[in-house]
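Undergrad: Dropping the structure in here first, questions after.
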Amino acid sequence: MLHYIELIFTNLNGWGLPVIMLIIGIVEFSFGLYENHWTNNERILDIVCFVVPRIVVRPLIAYLGVLLLPTLLPNAKNIFAWVPFWWGFAIIAVADDLTQYWYHRLHHQLPWLWRFHRTHHSAPYMGMAMASRQNIIYTIFFSQIYLTTTLVYLGLGYPVLFVTGIKALITTGAHSSIKWDKPFYTIRWLKPVGWVLERLISTPATHHAHHADSSDDGIGNYKGNFGNMFFLWDIIFGTGIITRQYPSGYGIKHYKQEEWYAQFLWPLFKSRRKGSELSAGGPMVGDSVAVVPAAVAEV
Amino acid sequence: MKTDKVTQQKIIRDALISIVLYALPVLLMLLSFRISGERPWKQHPQAAVKTTR
């Protein structure tokens, strides 16, 4: 039995997750959940962001890890291999996801970092198509990848296999336009489970709120709900809002449908759209210019 | 453009809380070893080799 579970997670971290994403993506598309927002420019950007990190960035980081870690940390290989599985699981779950929480939160709260994360928020829809959508710099400096690679080198590779697998399923589920969490808020006997679930992990309701294009309806919370696997960090730090509802619009209000290559490769390539955050000399944070001049720093 | 002061203070406060959160599973593990008397690093051949060097 354990062998099969191990096999599932090994494959999940390899080809399994992309296949799951493709299947869910096809279902979302067939149900028309992207409405008319998936234009040619969005389509190219989503596909490039889905493919390039998987075939270039991640293998390169793993290769560099194998190359550099023995030099940086000699004699430390497998030094913590004695750590019992469940303790290793807890250590990695916290180390990986709390680091990602901070990486994500700082990209929203420090204005100079916003444009590296903006690409993920510019999609005017939720779903598998935009789940991997990120600027290349954001992907390269995805801080917890380096932390987790180091922990694997130190001997915690086995629990990493399960944590990354579970995390991938949760974050994929939270981005999906299939609102799988709805029964937990509507069916009476499931409500207590829902109460725990929405505080512990990211769900479509809480994560969709993070991708809302407005917070005026009291549902959207694009200045919070930063959690990736665990929503618990938002509860602890007071950055989360739970409404059990889904926003009516996604994306960013000042989106100018910037060219896919500018969204993917900024600041190496700039947008030609006038007034765009990604254009040469454009504003650092677009909505601060349109709504409240120089007063609100966050997006 | 700068981050407002309230946000800056919240970031510093939450970063300090995070240090405790990072350490928590490690501290709980060590506490469990203390209570149970387990010494798993002594049973693991690779770790034993490292400590004898």
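None of the figures in this text is laboratory data; all of them are computed from the coordinates on show. All figures in this text were calculated on a predicted structure; none of them were measured in a lab. Positions of Cβ are generated from backbone atoms using ideal geometry, with glycine treated the same way; all protein chains shown enter the neighbour counts.
Undergrad: Among A:258-269, A:19-30, A:87-98, how do they line up by average Cβ neighbours within 10 Å per residue, starting with the highest?
TA: A:87-98, A:258-269, A:19-30
Undergrad: Take the Cβ-Cβ distance between residue B:17 and residue A:146 as r, set R0 to 35 Å, and report the resulting FRET efficiency rounded to the nearest 0.05.
TA: Calculated value: 0.95.
Undergrad: Quick one: which residues, 5 or more positions from residue A:279 or on another chain, have an amide H under 5 Å from its amide H? H modelled 1.01 Å from N in the peptide plane, none for Pro or chain starts.
TA: Answer set, sorted by chain and number: A:271.
Undergrad: Using only Cα atoms and rounding to the nearest 10 degrees, what angle (0 to 90) does helix A:111-121 make with the longest principal axis of chain A?
TA: 90 degrees
Undergrad: Full extension from residue A:257 to residue A:200: what is 0.36 nm times the residue separation minus their Cα-Cα distance, to one decimal in nm?
TA: So the extension gain works out to 17.1 nm.
Undergrad: Rounded to the nearest 0.05, what FRET efficiency do residue B:39 and residue A:73 have when you use their Cβ-Cβ distance and R0 = 25 Å?
TA: 0.60
Undergrad: Average partner chain C-beta neighbours within 10 Å, per residue of A:81-93?
TA: 4
Undergrad: Just tell me which aspartates and glutamates come within less than 13 Å, Cα to Cα, of residue B:2; anything on the same chain fewer than 8 places away is out.
TA: Leaving aside aspartates and glutamates fewer than 8 places away in the same chain, those within reach of residue B:2 are A:298.
Undergrad: Next question. For chain A, take the longest principal axis of its alpha carbons; what is the angle in degrees between that and the long axis of helix A:58-72, to the nearest 10 within 0 to 90?
TA: Computed tilt is about 50 degrees.
Undergrad: Please list, or write none, the lysines whose alpha carbon is within less than 17 Å of the alpha carbon of residue A:270, excluding same-chain residues fewer than 8 places away.
TA: Answer for residue A:270, where 17 Å is the Cα cut-off: A:256, listed by chain and number.
Undergrad: Going by C-beta contacts inside 10 Å, put B:29, A:284, A:130 in order with the fewest on the left.
TA: The most exposed by this proxy come first: A:284, B:29, A:130.
Undergrad: Over 28 Å between Cα atoms: which of A:274/B:10; A:253/B:5; A:179/A:253 fall into that group?
TA: Going by Cα-Cα distance, A:274/B:10 fall outside the 28 Å limit.
Undergrad: If you don't mind, there's one more thing I want to ask. Taking the mean number of other Cβ atoms within 10 Å as a proxy for protection, how do you rank A:55-63, A:76-84 from highest to lowest?
TA: In decreasing order of mean packing, A:55-63, A:76-84 become A:76-84, A:55-63.
Undergrad: I would also like to ask the following. What FRET efficiency comes out for residue A:10 versus residue A:41 if R0 is 45 angstrom and r is the Cβ-Cβ distance? Round to the nearest 0.05.
TA: According to the calculation, E is roughly 0.80.
Undergrad: Tell me, A:207, A:37, A:254 in order of fewest to most beta-carbon neighbours within 10 Å?
TA: The order, fewest Cβ neighbours first, is A:37, A:254, A:207.
Undergrad: So, one more: With Cβ to Cβ distances under 13 Å as the rule, what net charge do the other residues near residue A:201 carry (K, R +1; D, E -1)?
TA: It works out to a net charge of -2.
Undergrad: Which order do B:4, B:14, A:46, A:216 fall in if you start with the one that has the fewest other Cβ atoms within 10 Å?
TA: With the fewest neighbours first, B:4, B:14, A:46, A:216 line up as A:216, B:4, B:14, A:46.
Undergrad: Nearest 10 degrees, 0 to 90: what angle lies between the long axis of helix A:2-11 and the longest principal axis of chain A (Cα atoms)?
TA: The two axes meet at around 40 degrees.
Undergrad: Quick check on region A:33-97: take the gyration tensor over C-alpha atoms, sort the square-rooted eigenvalues as a ≥ b ≥ c, and tell me if it's rounded (a/c under 1.5), prolate or oblate.
TA: Cα axes put region A:33-97 in the oblate bin.
Undergrad: Between region A:3-60 and region A:206-281, what is the separation of their alpha carbon centroids in Å?
TA: 20 Å
Undergrad: In addition: Taking just the alpha carbons, could you work out the radius of gyration and Dmax for region B:1-40, both in angstroms?
TA: Just the Cα atoms of region B:1-40 yield Rg and Dmax of 17.1, 55 Å.
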